[in-house]
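Report on the following structure.
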Amino acid sequence: MQTVVLLHPLYLLLIPLYLLVVWLLKRYYRRVEFSNLKMLKRALQKSFDSSKVLRLFIVASIAFALATPALEQTHKEKSKEGYDISLLLDASNSMREDNRFSMAKAIIADFIQKRSNDNIALTLFANYAYVASPLTHERESLKKMLQFIKLGVAGSRETALYEALFLGANLFKKSSRKNRVMILLTDGINTVKGVTLKTALNRIKEANIRVYTIALGDRGDYNKAVLEEIAKSSGGKFFEALTPQELELIYSEIDKLESAKIEGKSIHSYRYYIHYPLAVALLLMLLYASLYRGSYEKFSYGAALLLIAFALYKPTTTTHSLKSAQSGEFTIALDISYAMEAKDIYPNRLEFAKAKILKLLKHLKGQKVALYAYAKRPFLVTPATNDYDRLAYLVEHLEPIGIKRESSNIVALLKAVSSNESARGLLLFSSTDAQNFEREKHFLAKTPLQVVIYAVATPKGDIVKVDGKILKEGNHIRIFRLHSDIENLATISEGDYFLFSLGDDVGKVLDAIDMHASTTSVTRGERELFAAPMLLALFLFLFAVLKRR
């Protein structure tokens, strides 16, 4: 919408003010300058003084320019009310049938793409419930993570449905939004004892969450009555999907149900047209100067002309600040093998490493970070993201459950990380329990990946207990020690090596990662300054013409 407006119309009062001043001065001139009033009256009756009209038009032009004529453009944001949405996805073995899991992931990814104003969380459940991502606004990272998630990430044989509901509801603890939604997709019934349905429903009610339940697959595989109760008790709705097409329609319907429109903010932009009246004022002043030479004070008049010309240049002031930021992307990998349970570092190696990563995240300024956990094989916890709250949550709640932890396969980790071409740096938190690193050295010699190693172990080492039993290697008790040969991995990759420290070494670790610092100029605000020279020009013009009179 476009409208012609005067942004400062009060400046138009300068015109009647000018006329008032001229009238008052005229009376003063009559009283002081002339002794024969009759002669003056006859002179005024006989001739018309065009200079008065010209002066009035000059003042009117400057006043109109000061009133700031502009074309106002109004843009209204078409926005939707923001939601916090927790997605719960069944990842048990039964989801393998008819390719249900892959189909569900694709439809959920499309749903995430549509929810541009929402924070979205993702929880997977099978033998146990597992938070793949807390609430985040980063849709692309969440969609990319969905691609990597495979069946078995949370076990395979059981269905911890009630536990998933309870855990999914807990993700809203820090939520400040009123609109809270949970969408549960399952093809089975709860088979895990622990959290009861009543406990889960009470938690959902406390958090004021509306739950939509979706049953996928053949009728009889799921408990329809339970899913209906979950939805009805929370003010949600129950759906059944027998085909991929039906599932896609269900998510589309939920998208419509939870998309309440709100009034968007109006954004006003202006295109100034002060140059037109200013140009008229400048031309009239030049005309006046040529027609009535000697009737004005030259210095003040010339200064007024220069100021009008300067105002036509549209002077502005802009505040800039320099902002230094790190560009690029790197990966943090955390060893979660049994070796990290050793207590030669308090409280144990794993908890110490997690605490160090959490401190590191607080020092980051815009860099994107991918997070891996690795033991016998690597696991992508999250693709590259600069949502540091989300990263901190994932690190803090990272639990090595349901995976093989007998050893740490660094070669597999290096291959997984190097497959991402945009990530050139790897910060590796390792227990260093391998006897040699020949395979790792051979791989790093052929790849541009830079590895910074943070060794979380001591030369003395420690034993590790699993289920109350000391881990053994054959008949001998296994001691998990620091192997200094791992330092060569950093050397080969032109990285750096750090031995764990109880002090604050986070800054040094970050400096060791190859991230290019860039300085950018940030515009804070812009202010038009044309009013000041125009006001001064008007004053000098009036002074020049009225003083001589």
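The values are calculated or read from the model by the stated rules, or taken from the named source; none is laboratory data. Since we're looking at a predicted model, the values are computed, not measured. Every residue, glycine among them, receives a Cβ derived from its backbone with ideal geometry; neighbour counts consider all protein chains shown.
Tally the residues that are touching a Ser or Thr at 6+ places or on another chain (Cβ under 7 Å) and either over 20 Å from Asp84 (Cα atoms) or crowded, with 18+ Cβ neighbours inside 10 Å (or both), restricting the search to region 96-124.
Residues that pass the stated criteria total 5.
Please go through region 471-487 and pick out each residue that is surrounded by fewer than 16 Cβ atoms within 10 Å (Cβ to Cβ) and outside any loop (DSSP other than H, G, I, E, B).
Lys472, Glu473, His476, Ile477, Ser484, Asp485
Just to check your reading of the model, which residue among Lys472, Lys446, Lys404 is within 21 Å of Tyr130 (Cβ to Cβ), assigned by TED's automatic domain parsing to the domain that holds Ala342, of a type in the set (Lys, Arg) and modelled with pLDDT under 90?
Answer to the check: Lys404.
Based on this model, can you work out whether Arg271 counts as exposed (fewer than 12 other Cβ atoms within 10 Å of the Cβ), modelled with pLDDT of 75 or more and not in a loop (DSSP other than H, G, I, E, B)?
In short, yes.
Considering region 139-179 alone, what residues qualify as being crowded, with 21+ Cβ neighbours inside 10 Å and not in a helix (DSSP H, G or I)?
Ala154, Gly155, Thr159, Ala160, Leu171, Phe172
Somewhere in region 216-226, is a residue outside any strand (DSSP E or B), under 35 Å from the mean Cα position of the chain (by Cα) and not assigned by TED's automatic domain parsing to the domain that holds Ile403?
Checked region 216-226: no residue is outside any strand (DSSP E or B), under 35 Å from the mean Cα position of the chain (by Cα) and not assigned by TED's automatic domain parsing to the domain that holds Ile403.
For region 345-354, check the following and say yes or no: at least one residue is modelled with pLDDT of 90 or more and among the basic types (Lys, Arg).
yes
Does Lys460 satisfy the criteria of being free of Cβ contacts under 8 Å to residues at least 24 places away in the same chain, in a loop (DSSP other than H, G, I, E, B) and farther than 18 Å from Lys376 by Cα?
Criteria not met by Lys460.
Scanning region 319-341 for residues that are among the small types (Gly, Ala, Ser) and modelled with pLDDT under 95, which turns out surrounded by the most Cβ atoms within 10 Å (Cβ to Cβ)?
My answer is Ala339.
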